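Here is the structure we will look at.
What follows draws every value from the coordinates through simple rules; no lab data is involved. Just so it is clear, the model here is predicted, and its values are computed rather than measured. Cβ coordinates were reconstructed from backbone atoms using ideal geometry, including for glycine residues, and neighbour counts include every protein chain displayed.
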Ligand code: F6R
């Protein structure tokens, strides 16, 4: 995830302080780095692709004079990782520099307008439009604050930006909309940053900038005002008593828990994906003779859920395949009419890339869904879409799973629209529900987390678990099982519920915990039967169920509730969240480290 930093000093040079602060933001993940300072009326910049130490070795990041400056670690969202795409970005005159974390949704339109007015661009980033808009505003004799204010009013999307200009060389102007921004106050210095760890060794006095606020940093301190009405805001610094490790996790005890809580934000990001990429993917899917959805682990579970979405909405039959089996199972059958949609958070999983290579050799069209721009998958795919979850540090995939589901459901919806398979009214209702998912997820984490903690205490010593679901929920059941076994080391089985009586039910004895994922969709009636079968044999039933489903609740020993009214095909997004939290709290109860599960790697680059 991009990291921004800026500082105004009364004495000394900003560059070494920026360099050290960027090092402290490294944990967020990045692919390139850069900084800009102002010295004697000139804007000076340095940037490069790669790790901070590598860029420092080539360019010496400490050797830039100037008491004011901004810096950035970039995690590519628009445009591949490269020196030219690295921040800071500047205007035509080279007098304004901007660093940015977030996504500007309307950058293509704004870039076109700016080009028509004679602006030239160096990079492929969405960010570069910002200094050019500010340039125009400054030419209208606005102050830097006014210019930044007017510029951000034209931006749609999410952003935390920091701007410097030689026109007012003693100031950093920063603005926050959704992407995080904090201010650090030391005796002779002020800082702005994406995250508290960036300045924690320098000061523990921090001011959290709220959405829609603009902040001016200068040697006089900081001033906050609201974008909406320019009114000034008084906010005193708070003392942060986190140690550096806690600060990286924003106060959460583990990255996994932080990432579970980040899901509303990440899903909101995926709802801002560039239309043209989704449209391109949809066109390929529409023309395909057959579609394979290829992935490993959690990403495979997203594919499995997607196969229900494509079938139910767009009437497209797809084959979800575990990547390591693809070559054996379908290698010889793939041909020029096949489309292989490879789903990989890292874009580097060896088995997935192997399947992709096989498909390419047989002239199939390869599409990619990944979280990492610049990964191998983005280079070998004919078209790809980035799921915009930001880096995931916890080894167990959580936020990247729900983002994948969100992208795949958007693809299924588009395809349904294109094929005329679903009425306009239904499409609109589904789109509306999809927009509400981030709030629903936020609400359910808030209401269910404490209950899940207690549930983990109750079931912590159980030897084995069953996860059952029907239809699209069988994918959620498989994912819940994977989370529990990989981080809490609890042996667990998962099946489509209908299959449970073809063998697995033999394991059931009194007290055996069976977790049912049972939204009130078309499968409810049959899953009710499966619950009864398990209950008759003494199983302890834990149901993840729709609020108000008294029938299932009365059969369950314990239940977790999800708000009602969710369309079936979107249900895996909220229904998996209690299962992620259950796995997390089970790991805690069983004394396991959820961020570092044994024997597992975040990216599996061997076959
Ligand atoms: C489970 C998990 C793994 C990955 C799998 C695929 O929590 O993280 O199962 O989902 O290794 O990784 P990607 O999506 O990077 O191809």
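List of remarks:
- Relative protection proxy for 391-401, 142-152, from highest mean packing down: 391-401, 142-152 (other beta-carbon atoms within 10 angstrom).
- Prolate/oblate/rounded call for segment 3-248, Cα gyration tensor, a/c under 1.5 rounded: rounded
- Helix 129-139 axis, angle to the chain major axis (alpha carbon atoms, nearest 10°): 30 degrees
- Cβ crowding within 10 Å averaged over residues, with 281-291, 538-548 ranked highest first: 538-548, 281-291
- Ranked packing of 73-81, 503-511, 345-353, 563-571, most packed first, by mean Cβ within 10 Å: 345-353, 73-81, 563-571, 503-511
- Prolate/oblate/rounded call for the chain, Cα gyration tensor, a/c under 1.5 rounded: prolate
- The chain - mean residue ellipticity at 222 nm from DSSP helices (-39,500 (n - 2.57) per run, n ≥ 4, rounded to 500): -12000 deg cm²/dmol
- Full extension of the segment from residue 360 to residue 245, taken as 0.36 nm per residue of separation minus the current Cα-Cα distance, would add 37.0 nm.
- Working from Cα pairs under 8 Å separated by at least six residues, relative contact order for the chain is 11 percent.
- Segment 169-226: relative contact order in percent, alpha carbon pairs under 8 Å with at least 6 residues between: 40 percent
- Degrees between helix 275-287 axis and first principal axis of the chain (Cα, 0 to 90, nearest 10): 30 degrees
- Gyration tensor verdict on segment 1-148 (Cα atoms; rounded if a/c is under 1.5, prolate if a/b is larger than b/c, oblate otherwise): oblate
- Tilt relative to the chain, helix 297-314 - C-alpha long axis, 0 to 90 degrees, to 10: 80 degrees
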